[in-house]
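The values are calculated or read from the model by the stated rules, or taken from the named source; none is laboratory data. Note that this is a predicted model, so its numbers are computed, not measured. With ideal geometry, Cβ positions are generated from the backbone for all residues, glycine too; neighbour counts draw on all protein chains shown.
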Amino acid sequence: MSTERDIWDLFIKKGFTQEATAGIMGNTYAESNNKTNNLQNSGNRRLGWTDEEYTAKVNSGEYTLFAVDSIGYGLAQWTHSSRKKGLIDLAHKNKVSIDDADLQVTYFIKELSSYGLLNKIKTSTDIREVTKIILTQFEKPASVINKSQEEVEKVVDRRYQHSINIYNAYRDTFKEDISVLVKYGIVQSPDYWEKHRKDVPYLETLIHRAAIKINELGDIETDQLTADLNVLGIFGIVNDKKYWEEHVDDLKYLDSLIHNIAKLLSGE
């Protein structure tokens, strides 16, 4: 079965912003724990089947009441007969299992379009707004039907937290990470690294971890002399960087001497 990460990647590949994807998946997490084969708990009890058994019986044709059993299923917990019929018809057309992640994401997007919501959310950068739209205009669970605005906002808040958790877990931080390295002169061409980010396994992880550590250090002085003295300090050549910063102008070419030693030691 597909993972939550797989579902995230599918929405991203289909052109949704990371924020829109998070807002959608915060809702589907609340509905199904982002499991494409999730059967509504009352359905498990009524039929006496696990999620896997229900899915297998529908796929094989042994169970023929999928569209009319009024049991929530899948990412969005599709329940109404017309919506479940649309899902299984698409599964038959594409010759895939009803719990196929690409099938369900495709069907979800198709429904967004039919509801007139696709253009509102696809390129949105407001996670909370997308969370609320999906909750109140797409999913429309009992927890928000005929409820006061205050009650609705409480449900939005809960689902928004799911959205934020998912956003933090899966968002692509590469551009942010590279910008940190550019800021401190570690790399000069962000476009190059963006282009080649997939060429070396774990390169993205290396850059991400480096950016985290650099950010943890706080504001780092980035002038050349400080950088050079840091190198000399690492190699034990200088012990008091402040002294050399104060006296570097006392002798012509002293800054060049320090820089060239640091450059050699750095392997540049």
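Answer yes if at least one residue in the stretch 184-194 is closer than 19 Å to Lys241 by Cβ and touching a residue at least 24 places away in the same chain (Cβ under 8 Å), and no otherwise.
First, the residues of the stretch 184-194 that are closer than 19 Å to Lys241 by Cβ: 184-185.
Right, trim to touching a residue at least 24 places away in the same chain (Cβ under 8 Å) and you get 184-185.
Taking every residue of the stretch 184-194 in turn, at least one turns out to be closer than 19 Å to Lys241 by Cβ and touching a residue at least 24 places away in the same chain (Cβ under 8 Å).
Please specify each residue of the stretch 59-83 satisfying the condition of being assigned to a helix (DSSP H, G or I) and over 28 Å from the mean Cα position of the chain (by Cα).
The initial filter retains those residues of the stretch 59-83 that are assigned to a helix (DSSP H, G or I), namely 59-60, 66-68, 81-83.
Those that are assigned to a helix (DSSP H, G or I) and over 28 Å from the mean Cα position of the chain (by Cα): Asn59, Ser60, Phe66, Ala67, Val68, Ser81, Ser82.
Considering only residues that are in a loop (DSSP other than H, G, I, E, B) and within 14 Å of the chain's Cα centre (by Cα), look in the stretch 135-175 and name the one that is nearest to Arg209 (Cα to Cα).
Looking only at the stretch 135-175, we keep the residues that are in a loop (DSSP other than H, G, I, E, B), and these are 140-148, 171-173.
Filter again for within 14 Å of the chain's Cα centre (by Cα), leaving 171-173.
Numbers: Arg171: 15, Asp172: 13, Thr173: 11 Å.
So the residue we want is Thr173.
Just to verify a result, which residue in the stretch 191-235, among those that are of a type in the set (S, T, N, Q) and under 27 Å from the mean Cα position of the chain (by Cα), is surrounded by the most Cβ atoms within 10 Å (Cβ to Cβ)?
Of all residues in the stretch 191-235, those of a type in the set (S, T, N, Q) come to 205, 215, 222, 224, 226, 230.
Imposing the further condition that a residue be under 27 Å from the mean Cα position of the chain (by Cα) reduces the set to 205, 215.
Values: Thr205: 9, Asn215: 12.
It comes out as Asn215.
Inspect the stretch 236-244 for any residue being surrounded by 15 or more Cβ atoms within 10 Å (Cβ to Cβ) and not in a helix (DSSP H, G or I) and give the result as yes or no.
yes
Could you please find all residues in the stretch 206-225 being at pLDDT 80 or above and over 24 Å from Phe16 (Cβ atoms)? Please lay out each step first, then the result.
To start, the set of residues in the stretch 206-225 that are at pLDDT 80 or above comprises 206-216, 224-225.
The answer is Leu206, Ile207, Arg209, Ala210, Ala211, Ile212, Lys213, Ile214, Asn215, Glu216, Gln224, Leu225.
Only one residue in Ala30, Ala56, Ala22 is among the hydrophobic types (A, V, I, L, M, F, W, C), in the same structural domain as Trp8 (by TED's automatic domain parsing), touching a Leu at 6+ places or on another chain (Cβ under 9 Å) and in a helix (DSSP H, G or I), so which one is that?
Checking each option against the conditions leaves just Ala30.
One residue is enough: does the stretch 162-180 have a residue meeting the conditions free of Cβ contacts under 8 Å to residues at least 60 places away in the same chain, surrounded by 15 or more Cβ atoms within 10 Å (Cβ to Cβ) and not β-branched (Val, Ile, Thr)?
There is at least one residue in the stretch 162-180 that is free of Cβ contacts under 8 Å to residues at least 60 places away in the same chain, surrounded by 15 or more Cβ atoms within 10 Å (Cβ to Cβ) and not β-branched (Val, Ile, Thr).
Quickly run through the stretch 125-163 and pick out the residues that are more than 12 Å from Glu31 (Cβ to Cβ) and basic (Lys, Arg).
If the condition is that a residue be more than 12 Å from Glu31 (Cβ to Cβ) and basic (Lys, Arg), then Arg128, Lys132, Lys147, Lys154, Arg158 are the ones that fit.
Only one of Ile258, Ile178 is under 30 Å from Gly26 (Cβ atoms), among the aliphatic types (A, V, I, L, M) and part of a helix (DSSP H, G or I); which? If you could, list the steps in order and put the result at the bottom.
Details: Ile258 fails: under 30 Å from Gly26 (Cβ atoms).
Exactly one residue qualifies, and that residue is Ile178.
Are any of the residues in the stretch 43-65 in contact with a Gly (Cβ under 8 Å, 6 or more places away or on another chain) and within 28 Å of Thr131 (Cα to Cα)?
yes
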